[in-house]
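K.L.:
Sharing a structure below in structure tokens format, with a few things to ask.
What follows draws every value from the coordinates through simple rules; no lab data is involved. This structure is a prediction, so every number in the text was calculated from the model and none was measured. Note: ideal-geometry Cβ built from the backbone for every residue, glycine included; neighbour counts use all protein chains shown.
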Amino acid sequence: MSTIIKGGTLVTESDSFKADVVINGGIIAAIGRNFTPDPGTEVVDARGKFVMPGGIDAHVHFQLPFCGTVSSDDFENGTKAAACGGVTTIIDYAIQVKGRPVMEAVENRRAEAEGKVCIDYSLHAGMTDWNEKSPRDMERLVEYGIPTIKMFMIYKAQGWMADDYMLYSALEETAKCGAMIELHAESVFVMEGLIERYHKDYRRLGAWGHALSRPSFVEEEAVQRAIKWAEVTGGRVYIVHMSAGASANAVKAGQERGVNVYAETCPQYLLLDESVFKRKDGHLYATCPQIKKKEDSARLWQGVINGDVSLITTDTCTFNKKQKARWGGDFTKIPYGLPGVENMVPLMYTYGVGKKRFSLNRFVQLVSANPARLHGLYPRKGTLNIGSDADLVVFDPGSKFTIRPGRLQTNCDWSPYDGWKLTGYPAMTFSRGRLVARSGKFVGTVGAGKFVARAPWGSIEGRIKR
Ligand code: URP
Ligand code: ZN
Ligand code: ZN
């Protein structure tokens with residue numbers, strides 16, 4: 001089936017120009033002007049709109065068993081929500097159960113996703129063990145199409161934590177096979193000590209105890225240490241959900257020394273600050289790492305603008321009010337995580353392009369091209385090339401949208417951005433040429449998404465397009 005998207009302004013990370021896009025068999029078949037559509041071709045009017053590559057959210061946790069419950073957006077609803085918000089590919093996590101083969105986690109997670117996902121997806125593999133077989137396991141993952149390995153410097157209780165030697169050893173291997181370590185960087189011993197200290201007073205502190213127990217240096221120190229291990233091994237490290245300004249300084253310094261270090265941040269670290277934990281419903285905002293100070297947000301914005309932060313993701317891990325109520329007043333018992341995948345593209349447009357922080361091209365680079373490049377999806381995804389998957393968004397820059405939980409597809413009865421007014425919203429989202437969402441409503445087919453194998457050695461050359 002053919003579709004032609006006519007009259008829009010095509011926007012990639014490098015160009016903006018008026019052209020029509022012809023889609024055939026799920027692929028971009030032609031880009032140009034004045035095509036005469038064949039009979040039966042569906043014609044989409046994109047006049048006054050941008051046509052951009054679909055968003056890629058490289059950090060989501062759908063139906064994740066975590067903190068005694070399971071995140072409330074499953075693969076079906078999470079990918080519907082993604083489509084409604086202009087995201088056409090998500091990358092979730094398959095986390096190895098300690099002592100079990102990592103490939104088993106991958107196959108299990110794929111079994112959970114297949115037949116449910118409504119857009120394309122991939123997985124990062126969480127490695128929680130390291131032994132003499134692990135280098136080969138990493139190579140196998142790369143051959144399979146999973147070149148990104150998640151490691152956590154915390155989460156002892158979940159059995160996910162990697163110690164420094166494990167991280168060091170894994171980084172050595174990435175230098176050989178082109179994998180990349182996606183790292184949750186927080187300094188476990190100091191963090192746990194502070195949690196214990198503030199927990200003594202948890203009744204009085206409430207959700208504020210969460211903020212007090214994870215100061216910025218808890219992340220910064222772990223980021224510095226990881227960069228050191230990447231530097232001495234020549235390995236490839238990627239800091240996930242970077243939340244502290246000082247961490248951005250460390251990443252920038254590492255990049256300037258030629259270390260293979262990249263970082264993502266998320267809308268919650270740019271747009272919110274720790275004052276949320278003083279609210280009556282402050283516990284809802286608890287995520288890990290937690291939202292930090294205004295100065296941290298300002299430094300992260302600077303990083304997003306100047307290139308020390310390479311991309312935006314959301315770390316979606318949705319918990320509704322009932323699930324969050326499990327905390328019962330104790331900040332150590334809050335299910336950590338926030339909804340987000342549905343809001344990433346329009347929030348970054350409104351607060352990035354709309355507030356004149358960065359260009360339209362940098363916006364596309366942050367939410368689509370760089371996630372694709374770093375995660376081995378480019379140029380199949382992340383751009384509008386002939387031969388690329390027809391994953392695209394017809395984006396209406398004039399459309400007004402007020403965020404309300406009831407208006408979102410996300411399976412959540414609250415939103416960190418409730419009442420926020422956006423200007424610019426996805427009018428239509430196409431996944432491999434199929435219309436999957438229109439004006440924020442899902443219109444696609446459940447189970448039509450596919451697993452996408454990714455290539456190793458993902459990188460970005462010029463880190464920034466202004
Ligand atoms: O609080 C969060 N982010 N939950 C998901 C797990 C993680 O650390 O990313
Ligand atoms: Zn994490
Ligand atoms: Zn996460």
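K.L.:
Do the alpha carbons of any pairs in Lys49/Lys292; Lys292/Lys333; Lys133/Lys292; Lys80/Lys294; Lys294/Lys333; Lys355/Lys381 sit beyond 29 Å of each other, and which pairs?
P.N.:
Values: Lys49/Lys292 35 Å; Lys292/Lys333 19 Å; Lys133/Lys292 39 Å; Lys80/Lys294 32 Å; Lys294/Lys333 25 Å; Lys355/Lys381 27 Å.
Cα-Cα > 29 Å for Lys49/Lys292; Lys133/Lys292; Lys80/Lys294; rest within.
K.L.:
Would you please name the trypsin sites (Lys or Arg not before Pro) within region 325-376 that are DSSP coil residues with at most 12 other C-beta atoms within 10 Å of their C-beta?
P.N.:
Numbers: sites: Arg326, Lys333, Lys355, Lys356, Arg357, Arg362, Arg373; in loops: Lys355, Lys356, Arg357.
For trypsin sites (Lys or Arg not before Pro) across region 325-376 that sit outside H, G, I, E and B with at most 12 neighbouring Cβ atoms in 10 Å, the list reads Lys355, Lys356.
K.L.:
Using amide H atoms built in the peptide plane, which far-off residues or other-chain residues are under 5 Å from Phe66 H to H?
P.N.:
Sorted by chain and number, the residues that satisfy this are Ser71.
K.L.:
Using a Cα-Cα cut-off of under 19 Å, which aspartates and glutamates could be cross-linked to Lys116, ignoring same-chain neighbours fewer than 8 residues away?
P.N.:
Cross-link targets: Asp57, Asp73, Asp74, Glu76, Asp92, Glu107, Glu342, Asp391.
K.L.:
Hey, another quick one. Hey, can you grab everything whose amide H is under 5 Å from the amide H of Arg380? Only 5+ residues off in sequence or another chain; H modelled, so Pro and N-termini drop out.
P.N.:
Residues meeting the amide H criterion: none.
K.L.:
Neighbouring Cβ atoms within 10 Å as the yardstick, rank Glu107, Glu264, Glu132, Glu342 fewest first.
P.N.:
Details: Glu107 11, Glu264 25, Glu132 6, Glu342 32.
If I rank by nearby Cβ atoms, fewest first, I get Glu132, Glu107, Glu264, Glu342.
K.L.:
May I pose another question? Filter Lys156/Lys324; Lys293/Lys322; Lys421/Lys450 down to the pairs with a C-alpha to C-alpha distance above 31 Å, please. Don't jump to the answer; show the numbers that get you there.
P.N.:
Values: Lys156/Lys324 21 Å; Lys293/Lys322 27 Å; Lys421/Lys450 33 Å.
Beyond 31 Å: Lys421/Lys450.
K.L.:
So what's the angle, to the nearest 10 degrees on a 0 to 90 scale, between helix 294-306 and the longest Cα principal axis of the chain?
P.N.:
Value to nearest ten degrees: 40.
K.L.:
Angle between the Cα long axis of helix 216-233 and the longest principal axis of the chain, 0 to 90 degrees, nearest 10?
P.N.:
Long axis of 216-233 versus the principal axis of the chain: about 80 degrees.
K.L.:
Related question: Modelling each spin label as a point 7 Å along the Cα-to-Cβ direction, I'd like the Lys321/Phe189 distance in nm, to one decimal.
P.N.:
Each label point lies 7 Å from its Cα, and together they span 4.3 nm.
K.L.:
Please list 3J(HN,Hα) in residue order for region 335-352, calculated via the Karplus relation 6.51 cos²θ - 1.76 cosθ + 1.60 where θ = phi - 60°; whole Hz, with x for glycine and proline.
P.N.:
Couplings: x, 7, x, 9, x, x, 4, 6, 9, 4, 5, x, 5, 5, 5, 4, 8, x Hz.
K.L.:
Amide H neighbours of Ala437 under 5 Å, at least 5 residues apart or on other chains, H built in the peptide plane: list them.
P.N.:
When sequence neighbours closer than 5 places are left aside, the close amide H contacts are Thr429, Val443.
K.L.:
OK, next. Using the Karplus curve 6.51 cos²θ - 1.76 cosθ + 1.60 with θ = phi - 60°, what ³J(HN,Hα) values do you get for each residue of region 64-80, in whole Hz, with x for Gly and Pro?
P.N.:
Karplus values, whole Hz, x for Gly and Pro: 8, x, 7, 6, x, 9, 10, 4, 7, 8, 8, 4, 5, 6, x, 6, 5.
K.L.:
Which whole number in µm²/s is D for region 55-383 by Stokes-Einstein, with the Kirkwood Rh taken over Cα pairs at 10 °C and 1.306 mPa s? Present the calculation step by step, with values, prior to reporting the outcome.
P.N.:
Details: Rh = 19.7 Å.
Answer, rounded: 81 µm²/s.
K.L.:
Kindly write out, for region 438-446 in residue order, the coupling ³J(HN,Hα) from the Karplus curve 6.51 cos²θ - 1.76 cosθ + 1.60 (θ = phi - 60°), rounded to whole Hz, with x marking Gly and Pro.
P.N.:
Coupling constants for region 438-446: 9, 6, x, 10, 6, 10, x, 10, 5 Hz.
K.L.:
Now a separate question. Based on the mean of other beta carbon atoms within 10 Å per residue, what is the order of 44-56, 267-279, 285-297, 73-85, most packed first? Could you put the intermediate results ahead of the total?
P.N.:
Details: 44-56: 23.2, 267-279: 19.5, 285-297: 21.6, 73-85: 28.4.
Averaged packing, sorted descending, gives the order 73-85, 44-56, 285-297, 267-279.
K.L.:
Be a star and scan region 140-158 for residues whose amide nitrogen sits under 13 Å from the point 7 Å along the Cα-to-Cβ vector of Lys176.
P.N.:
So the set is 140.
K.L.:
Suppose we keep just the DSSP beta bridges with both residues in the chain; what percent of those would be antiparallel, to 5? Please list the in-between numbers first.
P.N.:
Values: 33 of 69 bridges.
Antiparallel: roughly 50 percent of the beta bridges in the chain.
K.L.:
Less than 13 Å Cβ to Cβ from Met191, Lys/Arg counted +1 and Asp/Glu -1: what total charge do the surrounding residues give? Walk me through the numbers before you get to the answer.
P.N.:
Values: positive: Lys156, Arg197, Arg214; negative: Glu186, Glu192, Glu196, Glu219, Glu220, Glu221.
So the environment of Met191 carries a net charge of -3.
K.L.:
Still on this model: For region 259-310, what does the relative contact order come out to in percent, with C-alpha contacts under 8 Å and a separation of six or more? Don't skip to the end; give the middle numbers.
P.N.:
On the way: 44 pairs, mean separation 24.7, N = 52.
Value for region 259-310: 47 percent.
K.L.:
Hey, another quick one. Using packing as a proxy for protection, rank 412-424, 247-259 so that the peptide with the highest average count of other Cβ atoms within 10 Å comes first. Walk me through the intermediate numbers first.
P.N.:
Values: 412-424: 16.7, 247-259: 19.2.
So the peptides 412-424, 247-259, ranked by packing, come out 247-259, 412-424.
K.L.:
Moving on to the next point. How much length is gained on full extension from Asp281 to Glu104, taking 0.36 nm per residue of separation minus their Cα-Cα distance?
P.N.:
Numbers: separation 177, 0.36 × 177 = 63.72 nm, distance 3.89 nm.
Value of the extension gain: 59.8 nm.
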